[in-house]
Amino acid sequence: MNLTQKSVFIVLEGLDGSGTTTHSRLLEGFLKNEKLKVHLTQEPSKNEIGVLLRKFLKDNSIPPTTDALLFAADRDLHYHNEIKKKLDEGYIVISDRYLESSIIYQSLQSDEISIDWIEELNKFVGQPDLTIILDIDPRISLARKSGALEKFEETPFLDKVRDLYLKRAKKKGYFVINTDDIIEFTQKQIQKIVINKLKK
Ligand code: TYD
């Protein structure tokens, strides 16, 4: 397809069950197939703060402010020790969730938490070059989940998450893709956006 290798930071975002993990992996496979250097990562990250956060996702007694601070710390470490390094080496980096997840989930978790505060906490990390929001009705996305649900995985909360993602997408000019459709169709739409970015 003749795509140019360049360091592009791509983030896939969306509410729980929207398919960010599936589509990040498929996108990685597509780009590798094009002989491009790709680094796939996710948040919460694999570092120790990320591992702690995964545990806290099952614990409703953790104050939302603690979550916000830890997600910011996890991201700070993740960005400086992993993402930035890979970008500097010329890789395309795909992150399954990033800063926009904190802006959306943590600001909705508590009236005390403002988007401004989240942005302030996260002001030392780099911004993505491309953000794609996967949009879906939470009633459909939750039906896809198996096993015990984590703390944000309930319809009334995810309705708010969805609304805020769409509002932020409009404000920030993020791409929005509906993911009710068959996986291959959604993935093709994601690839189209990414190809466009790599051709420029
Ligand atoms: P998720 O992608 O759902 O992980 P998995 O599919 O492996 O269960 O992400 C975990 C949850 O973490 C999700 O509900 C959103 C939440 N989250 C935040 O609240 N803030 C953040 O900054 C991030 C990165 C995630």
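Rounded to the nearest 20 debye, the dipole size of the range 8-199 about its Cα centre is 720 debye, using +1 on the Cβ of Lys and Arg and -1 on the Cβ of Asp and Glu. Each residue of the chain gets 116 Å³ once the volume of the Cα convex hull is shared out per residue.
Which of Val125, Val161, Val51 ends up with the largest GNM mean-square fluctuation for the chain, with Cα atoms connected below 10 Å? Looking only at Val125, Val161, Val51, the biggest GNM fluctuation is shown by Val51. In nm, give the distance between the simple-model label positions of Lys85 and Ile195, each being 7 Å from the Cα along the Cα-to-Cβ direction. For the pair Lys85/Ile195, the computed spacing is 3.4 nm.
How do Lys199, Lys37 stack up against each other in accessible area, from largest to smallest, with a 1.4 angstrom probe?
Lys199, Lys37
Using a probe of 1.4 angstrom and keeping all protein chains present, the accessible surface of the range 8-199 works out to 50 square angstrom per residue. Under 5 Å between amide hydrogens, built in the peptide plane, is the criterion, and for Asn178 it picks out Asp135 among residues at least 5 positions away or on other chains.
Ignoring ligands, DNA and RNA, what percent of the accessible area of the chain is carbon or sulfur (1.4 Å)? Walk me through the numbers before you get to the answer.
On the way: 5300 of 10240 Å².
Carbon plus sulfur share of accessible area: 52 percent.
Amide H contacts of His39 (H built 1.01 Å from N, in plane; Pro and chain starts excluded): Ile92, Val93, Ile94 sit under 5 Å, all sequence-distant by 5 or more or on other chains. How high is the relative contact order of the chain, in percent, counting Cα pairs under 8 Å that sit 6 or more residues apart? This gives 33 percent for the chain. Converting phi to 3J(HN,Hα) with the Karplus coefficients 6.51, -1.76 and 1.60 and the offset θ = phi - 60°, the range 5-22 yields 6, 8, 7, 10, 9, 10, 10, 9, 10, x, 6, 3, x, 7, x, 4, 5, 4 Hz in sequence order, with x at every glycine or proline.
Restricting to Cα pairs below 8 Å that are 6+ residues apart, what does the relative contact order work out to for the range 106-200? Please round to a whole percent.
Relative contact order of the range 106-200: 30 percent.
The values are calculated or read from the model by the stated rules, or taken from the named source; none is laboratory data. Everything numeric in this text was worked out from a predicted model, so none of it was measured. In this analysis, Cβ positions are derived from the backbone assuming ideal geometry, glycine residues included, and neighbour counts consider all displayed protein chains. Please note that ligands, DNA and RNA were not included when accessible areas were found on the heavy atoms of the full protein model with its side chains. Shrake-Rupley method; radii C 1.70, N 1.55, O 1.52, S 1.80 Å.
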